[in-house]
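The values are calculated or read from the model by the stated rules, or taken from the named source; none is laboratory data. Since the model is a prediction, treat every value here as computed from it, not as a measurement. Using ideal geometry, Cβ is built from the backbone for each residue, glycine included, and neighbour counts are taken over all protein chains shown.
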Amino acid sequence: MQADLVIVANRLPVDRVELADGTRTWRRSPGGLVTALEPVLRANDGVWIGWPGGTEQDLAPLEDDGMRLLPMSMTPEEIEGHYEGFSNATIWPLYHDLVAKPAFHREWWDSYRDVNRRFAEKAAEVAAEGGTVWIQDYQLQLVPEMLRELRPDLRIGFYLHIPFPPAELFQQLPWRRQILEGLLGADLVGFQLPGAAQNFIRLVRQRVGHKTHRDLVYLPDGRTVKAAAFPISIDAAGFEELARSESVNARAKEIREALGNPRKIFLGVDRLDYTKGIYARLRAFSELMRDDHIDVDDAVFVQVAVPSRERVEQYRVLRDEIDRLVGRINGDLGRIGRPAVSYLHSSYPREEMAALYRAADVMVVTPYRDGMNLVCKEYVACRYENDGALVLSEFAGAADELRQAWLVNPYDLNGMKSALLEAYQADHREQTRRMKAMRKTVATNDIDAWASSFLTEMANVPAEHGKQVRPLTEA
Ligand code: GDG
């Protein structure tokens, strides 16, 4: 198998699942990334390398809807060391401004390096002469350098979906230099925001000692590496189409009825993650109820918390804390048939998500730190009648684009209460003014624009670093 375009990501766009009768099969896991990359992969006869979940070994390559997928297997030790350990208990909290304390373990690092090497070897095996390899996210930061050593003929791109921290935090990492050198194997390193690219450039200058100028790094061997921002987005048109469908609107009505037709519905949708600020937002909301600014007969807060990384200690602790808080809020403030918070620890199909977005009057997205946050963009895409209010944390990457949201500092509980109340009380004109502007932004900067801007930039990499891939999705 040889391919001109290779995507390397921790996860494949399909999961390995076991059916009730014990047989094993593949299930498509839909996401923005695959929606964006599928047409480009097809146009370039590309391949996607990634882990399908689970511990099954020696999985054969497969085709899904014309897309070629190459499953990488993981042992239980690798899942513990590389994935749950170094990726999610070291890098994740460190890169999210130490919202939780990162743990540093040498065995986790060893496992991270070994898994990165296996991914790099697989990419080196399948990339065609002069091909393009696009590596995704924080689990694979060493792959660019490892791959370049094996295949200097390739064009290599890397994209980080999460924030890249300032030097003051990054330098805590015992393996800081290896990570920077790992990333420098790429020709183009993409980030969500310009500030992250600047953090990276500054660290490379200070810690590795390379010459830099603006967004470029000059390596001793004559190669240059570019670091720039490519803010990710969603399939806006696809979401709007779903939101306009009769079935989704009927379901939205059903949801409102099931909640007792309250005047206003507040909504939060997040992976159950300590970066997302779920606890603080529920507290802010409950204080507004306690202080009689909002009546439990008038409003309800629906919080969807999608199970995530359940074997990592900090995530278990968080789940217990939220469980307790929701119990206390409803015990104190709820009435029979009228909870203050309707809490759902579960994941849902895309249609149900769209129905929730249609049903919600106030969308509350309050992470302490978030690379971008796609949920707020999905809400905006679904509000085709230009109504609804978005309360958004200043510390989500999306706040750079969605300036017309009610922006909040999630660490400031009183500030958050005022913003929630303002959004709750905003009249239709005010909502429309803000929503119209945000909808324009999301419709223009969609996921296709993101993928083609990255691949166009890759096509500008000097010819000695491989041949060009066709960047346009319709190519
Ligand atoms: C990382 C970065 C960055 C969630 N629950 C369900 C479901 N989802 C979908 C949402 C949304 C996506 O998952 C979540 O994306 P976010 O951006 O909100 O957050 P992370 O998972 O932390 O993503 C983040 C992103 O990567 C992309 O670069 O924006 O900053 O942390 O699309 O709709 N989808 C379905 N059922 C669920 O239960 N179908």
So A389 clears everything in (1) within 21 Å of A443 (Cα to Cα); (2) within 16 Å of the ligand (Cβ to nearest atom) except one condition, right? Which one? (2)
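Could you please let me know if A227 is without any contact (Cβ under 8 Å) to a residue 40 or more places away in the chain and in contact with a helix residue (DSSP H, G or I) (Cβ under 6 Å, 6 or more places away or on another chain)? Even if it seems obvious, please write down each step before you answer.
On the way: without any contact (Cβ under 8 Å) to a residue 40 or more places away in the chain: yes; in contact with a helix residue (DSSP H, G or I) (Cβ under 6 Å, 6 or more places away or on another chain): yes.
It is true that A227 is without any contact (Cβ under 8 Å) to a residue 40 or more places away in the chain and in contact with a helix residue (DSSP H, G or I) (Cβ under 6 Å, 6 or more places away or on another chain).
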For the stretch 207-227, which residues satisfy the criterion of being of a type outside the set (D, E, K, R) and crowded, with 20+ Cβ neighbours inside 10 Å? V217, V225, A227
Which numbered condition in (1) in contact (Cβ under 8 Å) with a residue 40 or more places away in the chain; (2) near the ligand (Cβ under 9 Å from one of its atoms); (3) closer than 30 Å to I91 by Cβ is the only one that C376 fails? (1)
Restricting the stretch 336-359 to residues that are closer than 19 Å to R324 by Cα and hydroxyl-bearing (S, T, Y), the one nearest to the ligand (Cβ to nearest atom) turns out to be S346
Do the conditions hold for Y343, that is, is it among the hydroxyl-bearing types (S, T, Y), in contact (Cβ under 8 Å) with a residue 40 or more places away in the chain and in a strand (DSSP E or B)? yes
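Only one residue in A36, A3 is closer than 21 Å to L455 by Cα and within 16 Å of the ligand (Cβ to nearest atom). Which one?
Values: A3 fails: within 16 Å of the ligand (Cβ to nearest atom).
Selected residue: A36, the only one of A36, A3 that is closer than 21 Å to L455 by Cα and within 16 Å of the ligand (Cβ to nearest atom).
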Which of the residues spanning the stretch 172-186 are assigned to a loop (DSSP other than H, G, I, E, B) and over 12 Å from R207 (Cβ atoms)? Q172, P174, G185, A186
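Being in contact with a Leu (Cβ under 9 Å, 6 or more places away or on another chain), more than 30 Å from E351 (Cα to Cα) and assigned to a helix (DSSP H, G or I) narrows it down to one residue among F285, F200; which is it?
On the way: F285 fails: more than 30 Å from E351 (Cα to Cα).
The match here is F200.
Of the residues in the stretch 8-33, how many are more than 14 Å from the ligand (Cβ to nearest atom) and assigned to a strand (DSSP E or B)? I'd like the intermediate steps shown before the answer.
Residues of the stretch 8-33 that are more than 14 Å from the ligand (Cβ to nearest atom), as a first pass: 8, 12, 14, 16-26.
Next cut, assigned to a strand (DSSP E or B) only: 8, 14, 16-18, 24-26.
Of the residues in the stretch 8-33, 8 are more than 14 Å from the ligand (Cβ to nearest atom) and assigned to a strand (DSSP E or B).
Being in the same structural domain as G415 (by TED's automatic domain parsing), small (G, A, S), exposed (fewer than 15 other Cβ atoms within 10 Å of the Cβ) and farther than 30 Å from D110 by Cα is the requirement here; does A258 meet it?
Numbers: in the same structural domain as G415 (by TED's automatic domain parsing): yes; small (G, A, S): yes; exposed (fewer than 15 other Cβ atoms within 10 Å of the Cβ): yes; farther than 30 Å from D110 by Cα: yes.
So A258 fits the description; yes.
Does at least one position in the stretch 352-368 carry a residue that is free of Cβ contacts under 8 Å to residues at least 40 places away in the same chain and either under 20 Å from the mean Cα position of the chain (by Cα) or outside the structural domain of Q136 (by TED's automatic domain parsing) (or both)?
Taking the stretch 352-368 and keeping what is free of Cβ contacts under 8 Å to residues at least 40 places away in the same chain, we get none.
Among the residues of the stretch 352-368, not one is free of Cβ contacts under 8 Å to residues at least 40 places away in the same chain and either under 20 Å from the mean Cα position of the chain (by Cα) or outside the structural domain of Q136 (by TED's automatic domain parsing) (or both), which makes the answer no.
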Complete set of residues in the stretch 261-273 that are surrounded by 15 or more Cβ atoms within 10 Å (Cβ to Cβ), more than 16 Å from the ligand (Cβ to nearest atom) and either free of Cβ contacts under 8 Å to residues at least 24 places away in the same chain or not in a strand (DSSP E or B) (or both): P262
The conditions are (1) closer than 22 Å to R263 by Cβ; (2) assigned to a strand (DSSP E or B); (3) aliphatic (A, V, I, L, M), and L392 fails exactly one of them. Which is it? (1)
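For the stretch 67-81, enumerate the residues that are part of a strand (DSSP E or B) and under 23 Å from R311 (Cα atoms).
Taking the stretch 67-81 and keeping what is part of a strand (DSSP E or B), we get 67-71.
Residue satisfying the conditions is P71 alone.
Can we say I91 is in contact (Cβ under 8 Å) with a residue 40 or more places away in the chain, closer than 23 Å to S453 by Cα and surrounded by 15 or more Cβ atoms within 10 Å (Cβ to Cβ)? Talk me through it step by step, then tell me what you get.
Details: in contact (Cβ under 8 Å) with a residue 40 or more places away in the chain: yes; closer than 23 Å to S453 by Cα: no; surrounded by 15 or more Cβ atoms within 10 Å (Cβ to Cβ): yes.
So I91 fails the test.
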Single unsatisfied condition, G54 versus (1) surrounded by fewer than 16 Cβ atoms within 10 Å (Cβ to Cβ); (2) more than 16 Å from the ligand (Cβ to nearest atom): (1)
Residues within the stretch 346-370 that are part of a loop (DSSP other than H, G, I, E, B) and within 19 Å of F239 (Cβ to Cβ), tallied: 5
Given the conditions (1) assigned to a loop (DSSP other than H, G, I, E, B); (2) more than 13 Å from L12 (Cβ to Cβ); (3) touching a residue at least 24 places away in the same chain (Cβ under 8 Å), report the number of the one that E56 does not fulfil. (2)
